[in-house]
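Peer 1: Can you keep this structure in mind? I'll have questions shortly.
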Amino acid sequence: MIQLSDIEKVLGSVIHPEYEKSVIELSLVQNLTYQNDSGEDNAGTIKFRLVFHRNDPMANSIKEACQKALNEAFPKAKTSILVLIDTNKATGHNKGELGRGDAGKEEIEKIQNIIAVASGKGGVGKSTVAVNLAIALAQSGYKVGLLDADVYGPSVPKMTATEDYLPPIAEKEVNGEKKQFIVPIEKYGVKWMSIGYFAKPEQALIWRGPMACGALKQLTFEVLWGELDYLLIDLPPGTGDIHITMIQEIPLTGAIIVTTPQQIALADVEKGINMFRNKDVHTPIYGIVENMSWFTPKELPNNKYYLFGKNGGEKMAEKYNVPLLGQIPIVMGVMEGGDNGRPAALDEGEIQSRFREIAENL
Ligand code: ADP
């Protein structure tokens, strides 16, 4: 016969990645009951509520993790988990049931193009390109959103100086049912949403694969994007199984790959291209953006120093028959813009025109 203490022990193994504590330690599990009228040993139903104190992007993934752990421990028993948000304590949001991952199908249908921005490895400037390209598209008159799904190092809050933003929750009726949506922040003409708004920067974000997928899904479908021409999704760097699962969950229209001309980054680009061309994924690649293409010192404006090799992106684009959307040189202003929250594409100059050109080619 299953005891409540056995169930709690199993749930004690389900860890919330942000707080690094179990759902039991965090007191997220409430009204736990076990009922067995079947007469069969260890069958019956385990029921409880998972109560979050805000619209937690991890909620659905944690629910799934609980379900999985209980199914493994008690294969004959059924589980019924209700996810609730009780924000009275924390933020004063309304109580209500958290929408499932597909609650926002209707919202997502208002988006014309959903484009993943990917890179084979970290540090090539993927987020910098995504943020500046979003601004360039907005400057060209399009309605643009950017979802920063880089669970390993969300950079949109810092790059747009919106670190203090606490995403509010809005209720909306979908098919006669009230659903809760996260409201994105609007700045520089773009709607921004980041996994970073839900976790403090000093917290090490150790997300397990399925949790990262759940968060991405929720931040895509359950955000009030409104009508958009473009939603860019800044993916975590890399090309593993987790990425394949992620991109399968989102109705992408296409992808952009960011690289530096360096050989090793290029080897990773191949993996990136193959990931999107995988038969289970099949997402068109709109092109490659080569970042850090050359360096021009202020005092020698006509000189170009190809620190990471020359035209690597062009060769790769030719080899894989995808367009080279543009090249961005190494410029102090690009780095400074990222650090002080005012992206370089906002101000007139070479960087702005280069990002406008990429937007046009896209
Ligand atoms: P990724 O998202 O690929 O990890 P980031 O966009 O965070 O990379 O960029 C890594 C670092 O390089 C940041 O400090 C950023 O400001 C800097 N950087 C990116 N592109 C450029 C560039 N073209 N010129 C100067 N610095 C750049």
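The values are calculated or read from the model by the stated rules, or taken from the named source; none is laboratory data. Just so we're clear, the structure is a prediction, and the values are computed from it rather than from any experiment. Reconstructed Cβ throughout: ideal geometry from the backbone, glycine too, with neighbour counts over all protein chains shown. The accessibility values were calculated without ligands, DNA or RNA, using every heavy atom of the protein model including side chains. Shrake-Rupley method; radii C 1.70, N 1.55, O 1.52, S 1.80 Å.
Peer 1: Please count how many residues of the range 233-261 are among the small types (Gly, Ala, Ser), part of a loop (DSSP other than H, G, I, E, B) and within 26 Å of LYS310 (Cα to Cα). Steps first, please.
Peer 2: Our first condition is that a residue be among the small types (Gly, Ala, Ser); within the range 233-261, this holds for 238, 240, 254-255.
Now drop any that are not part of a loop (DSSP other than H, G, I, E, B), which leaves 238, 240.
Of the ones still in play, those that are also within 26 Å of LYS310 (Cα to Cα) are 238.
Residues in the range 233-261 being among the small types (Gly, Ala, Ser), part of a loop (DSSP other than H, G, I, E, B) and within 26 Å of LYS310 (Cα to Cα): 1 in total.
Peer 1: Go through (1) closer than 29 Å to TYR188 by Cβ; (2) more than 27 Å from the chain's Cα centre (by Cα); (3) not aromatic (Phe, Trp, Tyr) and name the single condition LYS319 misses.
Peer 2: Going through (1) closer than 29 Å to TYR188 by Cβ; (2) more than 27 Å from the chain's Cα centre (by Cα); (3) not aromatic (Phe, Trp, Tyr) one by one, LYS319 breaks only (1).
Peer 1: While we're looking at this one, here's another question. Right, LEU235: touching a strand residue (DSSP E or B) at 6+ places or on another chain (Cβ under 8 Å) and within 16 Å of the ligand (Cβ to nearest atom) or not? It would help to see each step written out before you state the result.
Peer 2: Numbers: touching a strand residue (DSSP E or B) at 6+ places or on another chain (Cβ under 8 Å): yes; within 16 Å of the ligand (Cβ to nearest atom): yes.
Here the answer is yes, as LEU235 does meet what is asked.
Peer 1: Out of the residues in the range 269-296 meeting the condition of being open to solvent by less than 20 Å² (accessible area, probe 1.4 Å) and within 24 Å of VAL334 (Cα to Cα), tell me which one is farthest from the ligand (Cβ to nearest atom).
Peer 2: GLY287
Peer 1: Being within 16 Å of the ligand (Cβ to nearest atom) and either without any contact (Cβ under 8 Å) to a residue 12 or more places away in the chain or assigned to a strand (DSSP E or B) (or both): is that true of ALA116 here? Before you say what the answer is, go through the steps one by one.
Peer 2: Values: within 16 Å of the ligand (Cβ to nearest atom): yes; either without any contact (Cβ under 8 Å) to a residue 12 or more places away in the chain or assigned to a strand (DSSP E or B) (or both): yes.
Yes: the conditions hold for ALA116.
Peer 1: Just checking, which of GLN30, GLN3 is open to solvent by 30 Å² or more (accessible area, probe 1.4 Å) and at pLDDT 90 or above? Reasoning before the result, please.
Peer 2: Values: GLN30 fails: at pLDDT 90 or above.
After ruling out the rest, the residue left standing is GLN3.
Peer 1: Tell me which residues, restricted to the range 145-187, are under 23 Å from MET335 (Cα atoms) and out of contact with any strand residue (DSSP E or B) (no Cβ under 6 Å at 6 or more places or on another chain).
Peer 2: Step one: filter the range 145-187 for residues under 23 Å from MET335 (Cα atoms), giving 145-165, 185-187.
Passing the criteria: VAL151, TYR152, GLY153, SER155, LYS158, MET159, ALA161, GLU163, ASP164, GLU186, LYS187.
Peer 1: While we're on this one: Being open to solvent by 30 Å² or more (accessible area, probe 1.4 Å) and in a helix (DSSP H, G or I) is the filter; apply it to the range 61-88 and report the residue that is farthest from SER194 (Cα to Cα).
Peer 2: Ranking the candidates gives ALA73 first.
Peer 1: Further, regarding this structure: Just to be sure I understand the filter: pairs with C-beta atoms under 6 Å, separated by 6 or more residues or on different chains, first member in the range 330-357 and not assigned by TED's automatic domain parsing to the domain that holds VAL131, second member open to solvent by 70 Å² or more (accessible area, probe 1.4 Å) and charged (D, E, K, R). Which pairs pass?
Peer 2: Correct list of pairs: empty, since none qualify.
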